[in-house]
Amino acid sequence: MLKLADCPELLTPEEMGRADRFAIAAGVPGLVLMERAGLAVARAAARAARARGRIVVLCGPGGNGGDGFVAARYLSAWGYPTTVYLLGDAHRLRGDSAEMAARWTGTIAPAEGFAAEGADLVIDALYGAGLSRDIDGLAARCVGAINAFVAAGGKALAVDAPSGLDGATGQVRGIAVTATATVTFFRLKPGHLLSSGGGQTGPLAFADIGIPAAALDEIAPQAFANQPRLWRAALPRLGADAHKYARGAALVLSGAAAYTGAARLAARAALRAGAGLATIASPAEAVAINAAHETAVMVAPFEGEAGFAELLADPRRNAILIGPGAGVGEATRAYARAALTAPGGPRVVLDADALTSFAGDAATLAALVSGRRRPAVITPHAGEFARLFRGRDDILGAVGKLAQARAAARALGAVVILKGADTVVAAPDGRASIGCDLPPTLATAGSGDTLAGFVCGLLAQGTPAFEAASAAVWLHGACARALGPGLIAEDLADALPGVFSSGELIAHA
């Protein structure tokens, strides 16, 4: 089986079809690809089932069903009692699927009689990741029967993707199998990692079936699993002559006296991410509170937009974060405008209240971002995203989280971090990364402020925006994995040095 850390590229179902055709043109027959895919499924099934346990295979009328027939043939030969059901008429199968059905010497039962009771494991070979319509009728009843079997403690192994899961968007098409494991081929699909997919697939494995790696050069995929191999080379490296100003200086806007904690979390995170200096831009009323809590982070007082502009005039402050605890309203809009139009073009991160201050007015934000030498980064959660792009059907109406994030990035000319269990990072040029293995313990107050600080700290050191955003998301998750249950936001930044030196990051480089 392939390892995700080594193969971060994600292929849409259409791109996977191109990869298959590339392999066939390169001399690998389709029957060979199907044979290898079915063998990989059979091996996974044998590992999951009890020795000589009964296995039920539900085949569909397309290529996924062909993989199922191959798996059934191997399992039967290995001594597993195997029952095959087919949705549709075997005489209407075509191409490689028809050939693999002919090679199966056992009985092919009609799907109308599908039953999983008494089985040790069900193989879902009904539909693959390329499903383009909602499941209904007999197919839906079969999927429901599989899910009932799983709910009662049974195991279901999905071929390519759980039937009903859209491989491009991760959305459920009517109903989908809740698999206990999934085997796919060559590369994962975006839908495997997006939110619905993560709940449907169970543990993922993907097999090498002989598609040449050169297919990726032909396809040039633009979506990736967020893994260190994607951005590790872009992280800053300290030379022997490094000094604090060479490492960049982050400036984080603080809110009023009662709302200062978020900015402090972010500023400390920027330092931990490697910025040489971090300063909290503090309203006069909050200076004493911020100063009392911080040691390594500096505090710079200011009054109003003009005072904030004076802080921005220092060319050493090359990365600005606005939003955590800033308050929603015209003042925060003004501070964001000042940062985005500051001389020298500092790198800018907009989070939380800064985004809500532009609710329903994404066009104004886009106008401020356009023409900048360096792209801005925005870090909304789903609610902030919906408020910012209110009335923009071209963005909110896009199908799926990945498409929405990409549409937003193009519209703003900014890198977008659309947060969640499946955080998507999208760049204006179409590149995107999808987070995987992001622990649910990150759902705690202040976690997003820390993430924004990580982004700001990496930007201050000159890391390109897409790579900085993707790295920050992964590092954020790695800190949470290292800490485990019970973490609070204050813990995350202090866990980062250990993550930087950990075998996890080094192994994935």
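A short reminder: the numbers here are calculations on the coordinates, not readings from a lab. Remember, predicted model here, so these are calculated numbers, not experimental data. Quick reminder, even Gly has a Cβ in these numbers, built from the backbone with ideal geometry, and neighbours come from all protein chains shown.
Worth pointing out:
- Distant-in-sequence amide contacts of Ala181, defined by a placed amide H-H separation under 5 Å and a gap of 5 or more residues or a different chain, comprise Ala156, Ala158.
- Between 0 and 90°, nearest 10: helix 489-500 axis offset from the chain longest Cα axis: 70 degrees
- Estimated vicinal HN-Hα couplings, Hz - the range 173-190 in sequence order (Karplus 6.51, -1.76, 1.60; Gly, Pro = x): 8, x, 8, 9, 5, 9, 7, 8, 6, 9, 10, 10, 9, 6, 8, 6, 10, x
- Difference of contour (0.36 nm per residue) and Cα-Cα distance, Asp208 to Thr364: 51.4 nm
- Sorted by Cβ density within 10 Å, fewest first, the residues Arg47, Arg374: Arg47, Arg374
- Ranking of Lys244, Lys189, Lys155, Lys419 by count of other Cβ atoms within 10 Å, fewest first: Lys244, Lys155, Lys419, Lys189
- Ordered by the count of other Cβ atoms within 10 Å of each Cβ, fewest first, Ile434, Ile219, Ile24 give Ile24, Ile219, Ile434.
- For the chain, alpha-carbon Rg and Dmax in angstrom: 25.7, 82
- Positive-end extreme of charge dipole, the range 4-221 - chosen from Ala156, Thr12, Leu193 (charges on Cβ): Ala156
- Applied to the range 466-474, the Karplus parametrisation 6.51 cos²θ - 1.76 cosθ + 1.60 on θ = phi - 60° returns per-residue 3J(HN,Hα) values of 5, 5, 4, 5, 5, 4, 4, 5, 5 Hz, with x for Gly and Pro.
- Between 0 and 90 degrees, the angle of helix 401-412 with respect to the longest Cα principal axis of the chain falls at about 40 degrees.
- Each 10 Å bin from zero up to the one holding the largest Cα-Cα distance in the range 116-160 carries the following percent of pairs: 27, 54, 19, 1.
- Mean residue ellipticity (222 nm) of the chain, computed from DSSP H runs ≥ 4 via -39,500 (n - 2.57), nearest 500: -12500 deg cm²/dmol
- Under 5 Å, built H, 5+ apart or other chain: amide partners of Leu131: Gly167
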